1. Please go through the range 237-254 and give me each residue that is of a type in the set (A, V, I, L, M, F, W, C) and either under 23 Å from the mean Cα position of the chain (by Cα) or open to solvent by 40 Å² or more (accessible area, probe 1.4 Å) (or both), ordered by number.
2. I need every pair where a residue in the range 149-178 that is farther than 29 Å from ALA134 by Cα has its Cβ under 7 Å from the Cβ of a residue that is assigned to a loop (DSSP other than H, G, I, E, B), sequence separation at least 6 or different chains.
3. Which number in (1) of a type in the set (S, T, N, Q); (2) open to solvent by 40 Å² or more (accessible area, probe 1.4 Å); (3) not assigned by the TED database to the domain that holds MET181 marks the one condition that SER309 misses?
4. For the range 255-283, what are the residues that are at positive phi and under 18 Å from the mean Cα position of the chain (by Cα)?
5. Is there a residue in the range 250-258 that is aromatic (Phe, Trp, Tyr) and at pLDDT 95 or above?
6. Among the residues that make up the range 280-294, is at least one of them touching a residue at least 60 places away in the same chain (Cβ under 8 Å), more than 30 Å from PRO122 (Cα to Cα) and buried (at least 16 other Cβ atoms within 10 Å of the Cβ)?
7. Within the range 209-228, take every residue that is modelled with pLDDT of 95 or more, hydroxyl-bearing (Ser, Thr, Tyr) and open to solvent by 30 Å² or more (accessible area, probe 1.4 Å) and give me the one that is farthest from the chain's Cα centre (by Cα).
8. Can you go through ALA177, ALA153 and tell me which one is open to solvent by 10 Å² or more (accessible area, probe 1.4 Å) and closer than 30 Å to LYS86 by Cβ?
Amino acid sequence: MVMVNFVVKLPFTCSKKITDIKELKEWNFDGSSTNQAPGHDSDIYLRPAAFFRDPFRGGDNILVIAECYNSDGTPNKTNYRHYAKKAMDLVKDEDPWFGIEQEYTLFGADGAPYGWPKGGYPAPQGPYYCGVGAGKVFARDLVEAHYRACLYAGINISGINAEVMPSQWEFQVGPCAGIDMGDHLTLARFLLARIAEDWGISISLHPKPFTSGEWNGAGCHTNYSTSKTRAPGVGLQAIEEMIKKLESKHAEHIEAYGDDNELRLTGKHETGNIADFSSGVANRGCSIRIPRHVAHQGYGYFEDRRPASNIDP
């Protein structure tokens with residue numbers, strides 16, 4: 001899958017510390033090598049959109065997220081950030097916050113899940129979720145290195161945990177306002193893949209690495225709120241109104257919620273069925289979950305459990 005918004009290291013040393021995105025210049029790359037442009041018109045422009053501290057080189061070095069534009073100035077076909085930014089700008093007065101739980105699976109150089117017995121399977125699910133100890137969790141050192149790199153970079157990472165399936169992990173990013181959510185998650189994914197190189201481990205964002213056996217899939221649960229849902233007295237009513245709107249667009253949203261998601265949304269393993277829309281308080285087997293404490297206090301956020309782990313940030 002082609003990355004929508006390229007994360008690039010600037011190819012020059014700045015004479016001063018970058019403090020504003022406007023100080024960064026437009027660059028370009030060969031779009032024909034990434035199936036984003038034909039060979040006879042291959043230059044794709046990179047317009048800096050966000051920057052973060054570089055945890056690998058330190059100092060004043062930075063990592064930049066840039067949007068892709070064609071030679072005629074139009075957004076490239078892969079540049080969904082351009083349209084997401086427009087949508088976020090339209091509702092900025094509602095102050096939308098996102099918190100996304102990114103699940104992923106570790107694979108070794110042999111193509112098998114990292115830490116699993118060679119030629120076999122580990123014990124059934126149960127002791128792995130938020131587990132501790134040898135045989136229950138794998139590659140914690142890699143996961144901790146990623147967490148620290150995100151903190152250094154300035155990503156709003158808020159937690160990590162071992163997941164239900166062995167060699168499956170999760171990190172959480174947010175709360176982030178508007179388009180920042182996509183930028184922070186995109187860079188967090190980049191750092192994870194980059195750091196895993198040093199361990200000889202590959203990162204899979206596939207929502208259902210194993211379709212046989214009783215193994216959980218991987219999602220990107222999306223927690224969402226606005227100034228109205230966070231307001232005491234009216235918040236829960238606003239959430240319920242939003243859920244009704246989500247129900248009316250269920251099929252349309254599923255189309256945008258990641259590839260191969262039908263393998264994960266089966267109604268089993270803490271998922272709702274892809275064909276049905278459902279909601280409930282503290283119910284992890286439905287499409288939309290209202291956390292119990294939100295229902296109790298009457299305001300806060302809700303969780304959309306439908307997005308797959310490979311959703312486009």
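The values are calculated or read from the model by the stated rules, or taken from the named source; none is laboratory data. All of these numbers come straight from a predicted model, not from anything done at the bench. Because the Cβ atoms are built from the backbone with ideal geometry, glycine has one as well, and the counts that use them run over all protein chains shown. The protein model used for the area step is the full one, side chains on, heavy atoms only, and it has no ligands, DNA or RNA in it. Shrake-Rupley method; radii C 1.70, N 1.55, O 1.52, S 1.80 Å.
1. Listed by number, the residues that qualify are ILE239, MET242, ILE243, LEU246, ALA251, ILE254.
2. ALA153/PRO55; GLY174/ASN156; CYS176/ASN156; ALA177/ASP95; ALA177/PRO96; GLY178/PRO96
3. Among (1) of a type in the set (S, T, N, Q); (2) open to solvent by 40 Å² or more (accessible area, probe 1.4 Å); (3) not assigned by the TED database to the domain that holds MET181, SER309 violates only (2).
4. Listed by number, the residues that qualify are GLY258, ASP260.
5. Within the range 250-258, the first condition is being aromatic (Phe, Trp, Tyr), and the residues that meet it are 257.
Imposing the further condition that a residue be at pLDDT 95 or above reduces the set to 257.
Taking every residue of the range 250-258 in turn, at least one turns out to be aromatic (Phe, Trp, Tyr) and at pLDDT 95 or above.
6. From the range 280-294, those touching a residue at least 60 places away in the same chain (Cβ under 8 Å) are none; that's our starting set.
Taking every residue of the range 280-294 in turn, none turns out to be touching a residue at least 60 places away in the same chain (Cβ under 8 Å), more than 30 Å from PRO122 (Cα to Cα) and buried (at least 16 other Cβ atoms within 10 Å of the Cβ).
7. If we take residues in the range 209-228 being modelled with pLDDT of 95 or more, hydroxyl-bearing (Ser, Thr, Tyr) and open to solvent by 30 Å² or more (accessible area, probe 1.4 Å), then SER227 is farthest from the chain's Cα centre (by Cα).
8. ALA177
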